[in-house]
Ligand code: FES
């Protein structure tokens, strides 16, 4: 854990005030707590001050302590304890917090730190030339299952490689950070196993999975079981008659990542195949599903995740219809 001190006096502004909108929000937030417990609002208020000014100044800490009738030292304890609070000016577009605790370190955090050093600045907390980016190493952020990861603002970016982190940093540097998908950067759903669920399957999903495996096994020619031949046989040809028909990229493609099991990488492969809409996926017949499954080397996942029913719901009524059918939000 790094030593966390307030910024030097020369950087500290003389005063702090919430802007009009945030002042109304702060009052409402304080009033959520029972009489005598208003101090519980300190973390949301400090976070809002950081979002407003980019970092937490001494003036902000003292102002918030006054608003909550707290001793300054109590508010300072909170501000200096949590690494989520920036006590010095940081990059205006992104401050990249790289987790350097053991699971992330074992899975490549050092490579991510190298990227930060080369793309942002050699030293943590120093800003890049135009002041838009900065970085630091932090302790475990609670996403170890998808290590290695970074936090930017309120979002996490997981299952990273140095190359993917470079792309993410580029996007933030260009002011397009909001376009980067958050969470796992590979085809993993939240913290589920890579390649799909392996436990807690519903009876229906289990049956489909067993049937898909049995079908795949039955269709596997015995003579083709040598490993190199098996791999080659799995990938169907692009000229195969069962390949689903593609279309030209429409002006507004559907967000295929709303289908559980489709991440950024799979979506881009689907686009290469000319698949851009939920209606296309919903129309796939069994042979076409089998072809796509084989092309993605998904081992029956399209059936297990029921892409067709998901796509039907999304094509019919978007997220609202999906929630009606599946009882939860997509993704
Ligand atoms: S060790 Fe990195 S998130 Fe837990």
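Using Cα pairs under 8 angstrom and six or more residues apart, how large is the relative contact order of the range 125-203, in percent?
Working: 68 pairs, mean separation 15.8, N = 79.
Relative contact order comes out at 20 percent.
Grab the beta carbon distance between residue 287 and residue 114, set R0 = 56 Å, and tell me the FRET efficiency rounded to 0.05.
0.75
Suppose a student asked you for the relative contact order of the range 41-87, using Cα pairs under 8 Å spaced at least 6 residues apart; what percent would you report?
The value is 42 percent.
Return the single residue from 165, 296, 238 with maximal mean-square fluctuation; model: Gaussian network over the chain, springs between Cα atoms under 10 Å.
238
Looking only at 34, 253, 236, which one moves most when the chain is put into a Gaussian network model with springs between Cα atoms under 10 Å?
34
How long is the gain from residue 155 to residue 170 if the chain were fully straight, where each residue apart is worth 0.36 nm and the alpha carbon distance is subtracted?
3.8 nm
Rounded to the nearest 5, what % of the DSSP beta bridges within the chain are antiparallel ones?
Of those bridges, close to 45 percent are antiparallel.
Please work out the FRET efficiency for the pair residue 15 and residue 248, using the Cβ-Cβ distance as r and a Förster radius of 45 Å; give the result to the nearest 0.05.
So, using R0 = 45 Å, E works out to roughly 0.20.
Return the distance in nm (one decimal) between the two label points of a simple spin-label model at residue 178 and residue 326, each offset 7 Å from Cα along Cα→Cβ.
Distance between the two pseudo-spin positions: 2.5 nm.
Could you compute the FRET efficiency for residue 163 and residue 272, with r as their C-beta to C-beta distance and R0 at 22 Å, rounded to 0.05?
0.70
Calculate how steeply helix 58-67 sits against the longest principal axis of the alpha-carbon atoms of the chain, using the helix alpha-carbon long axis, and give the answer as 0 to 90 degrees to the nearest 10.
Between the helix axis and the principal axis of the chain, the angle is about 80 degrees.
Let me have the relative contact order for the chain, percent, based on Cα pairs under 8 Å that are six or more residues apart.
Details: 433 pairs, mean separation 36.1, N = 331.
Relative contact order of the chain: 11 percent.
Could you list log10 I(q)/I(0) for the chain at q = 0.10, 0.11, 0.15 Å⁻¹, which the Debye formula gives when each Cα is one point scatterer?
-0.77, -0.88, -1.23
Relative to the longest principal axis of the C-alpha atoms of the chain, give the angle of the C-alpha long axis of helix 109-119, reported between 0 and 90° and rounded to the nearest 10°.
The two axes meet at around 70 degrees.
Once the piece of chain linking residue 105 and residue 5 is laid out straight, how much longer is it, given 0.36 nm per residue of separation minus the C-alpha distance between them?
Contour length minus Cα-Cα distance gives 33.4 nm.
Helix 20-31 versus the longest principal axis of the chain: what angle, 0 to 90°, nearest 10, using Cα atoms?
For helix 20-31, the angle is close to 90 degrees.
Would the range 6-77 count as rounded, prolate or oblate if I go by the C-alpha gyration tensor, calling it rounded below 1.5 in a/c and otherwise prolate when a/b exceeds b/c, oblate otherwise?
Note, shape of the range 6-77 comes out oblate.
Using a 10 angstrom cutoff on alpha carbons, build the Gaussian network for the chain and name the most mobile of 74, 309, 93.
Between 74, 309, 93, it is 74 that shows the largest mean-square fluctuation.
Values quoted throughout were computed directly from the atomic coordinates according to the rules given, and no laboratory measurement underlies them. Everything numeric here is computed off the predicted structure, so don't read it as measured data. Cβ coordinates were reconstructed from backbone atoms using ideal geometry, including for glycine residues, and neighbour counts include every protein chain displayed.
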